[in-house]
Amino acid sequence: MRIALFGYGKMGKMLEQIAVSRGHSIVAKIDVGTKAIDFNKIDIAIDFSTPDAAYGNITSCFENSVPVISGTTGWLSKFDDAIAQCAENNGAFIYASNFSLGVNIFFELNKQLAKMMAGLKDYSIAMEEIHHTQKLDAPSGTAITLAEGIIENSEYTNWKMENNQENTIPITAKRIGKTPGTHTINYDSAVDSIEIKHTAHGREGFALGAIIAAEWLVDKTGIFTMKDVLNLS
Ligand SMILES: NC(=O)C1=CN([C@@H]2O[C@H](COP(=O)(O)OP(=O)(O)OC[C@H]3O[C@@H](n4cnc5c(N)ncnc54)[C@H](O)[C@@H]3O)[C@@H](O)[C@H]2O)C=CC1
Ligand SMILES: O=C(O)C1=N[C@H](C(=O)O)C[C@H](O)C1
């Protein structure tokens, strides 16, 4: 595949390594200051840029009939609009707050646990995410997806940073050193606690998942998720 990277930062560089190791070519590295983009030579675009840049990057690809893998977090207020533009242009799109296989399994585990804990009033829930100090958004996109998974499967109706409101999942975001991404969900009672945790050891898993998603999407039309790519039930 001829891949264009939108955003050539920490993830852009990791995506390049993994893509080349799987026989793909990087035909464009688009970052701040890029003047012109030749969309004709691009088979698929992968956007890991910034919350402010993602929407414009993604929709410019739809307008030029280029399929998009979107990993950038923190731009979801414009997500529905991007989806509508994809459909209007008969495009192809996958967004995931986290592309790693491990986290996508963790998403399903989280939903199952939420179902089992639903209605057990003795337990109170708390979520914590830890990332590196350069991260621009909080809470992480992954934490938001985890919270949505709990809300779909329990009496919780909302999430909020640092709060004690009823039926609301409290999320704590910590920024520590170079931490690639750690997410913990804890159910605590007076007698015990149950905790599930995913720890990324680096960025390879995110990048590999995004390249696998690109290989899967490149010849398709429509809007998909990592559940489709990984065939997770
Ligand atoms: N979905 C997932 O699996 C993962 C998502 N992420 C998300 O990906 C995004 C990028 O993460 P990192 O690479 O760690 O950040 P980074 O800060 O290292 O890289 C972002 C790059 O985007 C560039 N950029 C700024 N404006 C741009 C524009 N208009 N067009 C193209 N590029 C532009 C910046 O100059 C920078 O080089 C973040 O939103 C992060 O949360 C990160 C890891 C995994
Ligand atoms: O910014 C990061 O680094 C990460 N961002 C994603 C998120 O916001 O969930 C995914 C991963 O945790 C790394």
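Could you list, in sequence order, all residues of the stretch 31-51 that are in contact (Cβ under 8 Å) with a residue 12 or more places away in the chain, over 14 Å from the mean Cα position of the chain (by Cα) and more than 7 Å from ligand 1 (Cβ to nearest atom)? The answer is Ile37, Phe39, Lys41, Ile42, Asp43, Ile44, Ala45.
To keep it simple, each residue is scored yes or no on (1) assigned by TED's automatic domain parsing to the domain that holds Ile44; (2) within 15 Å of ligand 1 (Cβ to nearest atom); (3) modelled with pLDDT of 95 or more.
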{"residue": "Leu120", "(1), (2), (3)": "no, no, yes"}
{"residue": "Thr157", "(1), (2), (3)": "no, no, yes"}
{"residue": "Asn163", "(1), (2), (3)": "no, no, no"}
{"residue": "Tyr187", "(1), (2), (3)": "no, no, yes"}
{"residue": "Ala190", "(1), (2), (3)": "no, no, yes"}
{"residue": "Ser193", "(1), (2), (3)": "no, no, yes"}
{"residue": "Leu208", "(1), (2), (3)": "yes, yes, yes"}
{"residue": "Glu215", "(1), (2), (3)": "yes, no, yes"}
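Counting just the residues of the stretch 90-136 that are closer than 24 Å to Ile44 by Cβ and β-branched (Val, Ile, Thr), which one comes out nearest to ligand 2 (Cβ to nearest atom)? Result: Val103. Please enumerate the residues belonging to the stretch 137-166 that are away from ligand 2 (no atom under 13 Å from the Cβ) and among the β-branched types (Val, Ile, Thr). The answer is Ile150, Ile151, Thr157. The listed residues are Thr145, Thr172, Thr133, Thr179, and the only one of them that is hydroxyl-bearing (Ser, Thr, Tyr), in a helix (DSSP H, G or I) and modelled with pLDDT of 95 or more turns out to be Thr145.
The values are calculated or read from the model by the stated rules, or taken from the named source; none is laboratory data. None of these values were measured; they are calculated from a predicted model. Virtual Cβ from ideal backbone geometry, glycine too; neighbours counted across all protein chains shown.
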